[in-house]
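Below: the structure, in structure tokens.
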Amino acid sequence: PPVREEMKRLALHWLAAGVDGFRLDATRHLFAGGPGESQNSQPKTYEFLRELSAAVRDADPTAILVGENWTSTEKIAPFFGSTDRVAGGDHLPMNFNFPLADAIVRGLQNGTAFEVTEVLDAMAQLYPKGILDAPFLRNHDQMRLATELGLHPGKMRAAAAVLLTLPGVPFLYYGEEVGLQNGAVDRPDPLKRTPMPWNDEAGGGFTGGEPWHPFSPGRETANVALQNGDPGSLLSHYRGWIRARKASEALRLGSLDRLGIGGSDVLTFLRASGGERVLVAHNFTGKARSVELPPGATPGPRPHAGDATLEGPRLTLAPWASVVWPLEP
């Protein structure tokens, strides 16, 4: 009990200091009931998360809690808690979506959207209604995205577009937006967390002194200053999709209804909120792909974002291309 009270006291201290919320590390392991799997996801864990969430919510109803539960969709689902008692869930209002992140990366590596559709279907079945998802691509414990995708420009751009068209609150790991590589292709954590390259000068714009760790390779081009004014850069690509998301109520707040059109190498879904409805399509391959619009879907005159050719009811996407096309009400 004293530890529980201290954790709540610390949370309230930082909320009073102006912090907007917390990322909770390894929340599955708060309580252990024995060895092996008994160290994970115990009843006391859910009980305390409900207690902590209530204390945070009482202190600041707008504060965010996002949990790191690195496990399957089925085992993440209970960490949201009850959406009947509290809108969005009375345990953790957000949880990082590790299965979806892995499915996106593997799908782009292998040229198929099948795994992504499997995870989206599992979420629709298992997640409580009304929760706020936390999609991402890679984090500080994982090999960097640019390295995993072999520095492939099309795949890195497709990954950004997929992430920024999903429901919830997308998270970007620093450097992802400029194509920052891993420090080396092996596992040690410091190599995943090298300094941010703001420019190509000696300290990278990161420091005027000696950086705590050598920069990752490739920072001559993977830096903010170089990409900032280039409309064709990866950074500009991310910014374009962020602008599209902010401008679209359907992308920010809408539901997701997956569509089984375009084959297993194209991810397609509808997003809708208020009076806005959009068709989203992502080509996971290096070949052009076409998608037949679903029956009753009347496209608007031009896309919100991305690139595709519309001929009658058929959308054609270039290799690795994505599009958000508004549909008439």
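Taking residue 65, is it part of a helix (DSSP H, G or I), modelled with pLDDT of 95 or more and over 23 Å from residue 121 (Cα atoms)? No. Is it the case that some residue within segment 234-257 is assigned to a helix (DSSP H, G or I), among the β-branched types (Val, Ile, Thr), modelled with pLDDT of 95 or more and within 15 Å of residue 161 (Cα to Cα)? Yes - at least one qualifying residue is present in segment 234-257.
On inspection, residue 161 does not qualify as of a type in the set (A, V, I, L, M) and closer than 28 Å to residue 57 by Cα. There is no residue in segment 135-144 that is among the aromatic types (Phe, Trp, Tyr), within 19 Å of residue 94 (Cβ to Cβ) and touching a residue at least 60 places away in the same chain (Cβ under 8 Å). Annotation: residue 52 fulfils all but one of (1) modelled with pLDDT of 95 or more; (2) in contact with a Leu (Cβ under 9 Å, 6 or more places away or on another chain); (3) open to solvent by 30 Å² or more (accessible area, probe 1.4 Å); (4) within 16 Å of residue 25 (Cα to Cα); the unmet one is (3).
Considering only residues that are open to solvent by 40 Å² or more (accessible area, probe 1.4 Å) and touching a helix residue (DSSP H, G or I) at 6+ places or on another chain (Cβ under 8 Å), which ones fall in segment 185-205?
Of everything in segment 185-205, those that are open to solvent by 40 Å² or more (accessible area, probe 1.4 Å) and touching a helix residue (DSSP H, G or I) at 6+ places or on another chain (Cβ under 8 Å) turn out to be 185, 198, 200, 205.
In summary, residue 286 fulfils each of the numbered conditions (1) closer than 21 Å to residue 135 by Cβ; (2) touching a residue at least 60 places away in the same chain (Cβ under 8 Å); (3) not β-branched (Val, Ile, Thr) with the single exception of condition (1).
Scanning segment 276-329 for residues that are outside any loop (DSSP other than H, G, I, E, B), open to solvent by 40 Å² or more (accessible area, probe 1.4 Å), aliphatic (A, V, I, L, M) and touching an Asp or Glu at 6+ places or on another chain (Cβ under 9 Å) yields nothing.
So that you can scan it fast, the table gives a plain yes or no per residue for (1) aliphatic (A, V, I, L, M); (2) closer than 11 Å to residue 279 by Cα; (3) out of contact with any strand residue (DSSP E or B) (no Cβ under 8 Å at 6 or more places or on another chain):
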residue	(1), (2), (3)
291	yes, yes, no
295	no, no, yes
301	no, no, yes
310	yes, no, no
314	no, no, no
317	yes, no, no
320	no, no, no
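The number of residues in segment 85-137 that are surrounded by fewer than 19 Cβ atoms within 10 Å (Cβ to Cβ), among the hydrophobic types (A, V, I, L, M, F, W, C), touching a Gly at 6+ places or on another chain (Cβ under 8 Å) and in a loop (DSSP other than H, G, I, E, B) comes to 1. Counting the residues of segment 150-184 that are more than 23 Å from residue 93 (Cα to Cα), assigned to a loop (DSSP other than H, G, I, E, B) and of a type in the set (A, V, I, L, M) gives 3. Quick check: is even one residue across segment 206-220 closer than 26 Å to residue 279 by Cα, open to solvent by 20 Å² or more (accessible area, probe 1.4 Å) and either touching a residue at least 24 places away in the same chain (Cβ under 8 Å) or aliphatic (A, V, I, L, M) (or both)? There is no residue in segment 206-220 that is closer than 26 Å to residue 279 by Cα, open to solvent by 20 Å² or more (accessible area, probe 1.4 Å) and either touching a residue at least 24 places away in the same chain (Cβ under 8 Å) or aliphatic (A, V, I, L, M) (or both).
The values are calculated or read from the model by the stated rules, or taken from the named source; none is laboratory data. All of these numbers come straight from a predicted model, not from anything done at the bench. Here Cβ is always computed from backbone atoms with ideal geometry, including for glycine, and neighbour counts include all displayed protein chains. The accessibility values were calculated without ligands, DNA or RNA, using every heavy atom of the protein model including side chains. Shrake-Rupley method; radii C 1.70, N 1.55, O 1.52, S 1.80 Å.
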